[in-house]
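Single-structure report; data block below.
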Amino acid sequence: MSAQPTIVIVDDDPGIRESLEGLQRSVGLQVKALALVPEFLKEGRPEGPTCLVLDVRLPGRSGLDFERDLSTANIHVPIIFITGYGDIPMSVQAMKGGAVEFLTKPFRDQDLLDAIQLGLARDRAWLENEKAIAELRTRSTLTPRERQVMASVVTGRVNKQIA
């Protein structure tokens, strides 16, 4: 992947946003800090490996609702949830939805950085897989006769019947 990884932070608290942004920049990561979910939707998913650090409690739609919306829209992006008001059912829901991590505030900086690296690794693997699938789809150029034979093979016919 040639594109630089991007960490997207969505938190309505400006102090938390600035703190997380500074932490990510201190380790050389590219960061976009946003206050609300609609800002993320407006800008779209960044090019290249991406990881979303998402507050659970946001004005309007909650972070968990947003995770569900992304999944429904088939938009793949690893999510790390952060919250000051987490409970076990909330964390279970987040993890079942595919979250990389669920961190309760205050959390150790290293825990967040480790989760981000895991999220970026997962996204890189997913992007490479999508690229390979797209490549395979473009190679699928069978002649009309090959398609006819393939259709017979798929229906379970033996060689004698196909010939």
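Centre-to-centre separation between the Cα atoms of region 116-139 and those of region 4-22: 25 Å.
Within the straight-line cut-off of under 28 Å between alpha carbons, the lysines reachable from Lys96 are Lys32, Lys42, Lys105, Lys131, sequence neighbours fewer than 8 places apart in one chain being disregarded.
Taking the number of Cβ atoms within 10 Å of each Cβ as an exposure proxy, the fewest-first ranking of Lys160, Lys42, Lys32 is Lys160, Lys42, Lys32. Neighbour counting of Cβ atoms within 10 Å sorts the residues Val56, Val158, Val149, fewest neighbours leading, into Val158, Val149, Val56. Residue exposure proxy: Thr83, Thr155, Thr104, Thr141, ordered by other Cβ atoms within 10 angstrom of their Cβ from fewest to most, comes out as Thr141, Thr155, Thr104, Thr83. For Ser26, put the label point 7 Å out on the Cα→Cβ axis and report which residues of region 94-122 keep their amide N under 15 Å from it. Counting only backbone N, you get 107-114.
Amide H contacts of Gln30 (H built 1.01 Å from N, in plane; Pro and chain starts excluded): Ile7 sit under 5 Å, all sequence-distant by 5 or more or on other chains. For region 113-163, the gyration tensor built on C-alpha atoms gives a prolate shape. Its axis ratio a/c (a ≥ b ≥ c) is at least 1.5, and a/b is the larger of a/b and b/c.
Based on Cα contacts under 8 Å between residues 6+ apart, region 67-146 shows a relative contact order of 28 percent.
Where a number appears in this text, it was derived from the coordinates with a stated rule and is not lab data. The structure presented is a predicted model; accordingly, all values stated were derived computationally and were not measured. Backbone-built Cβ (ideal geometry, glycine too); neighbour counts: all protein chains shown.
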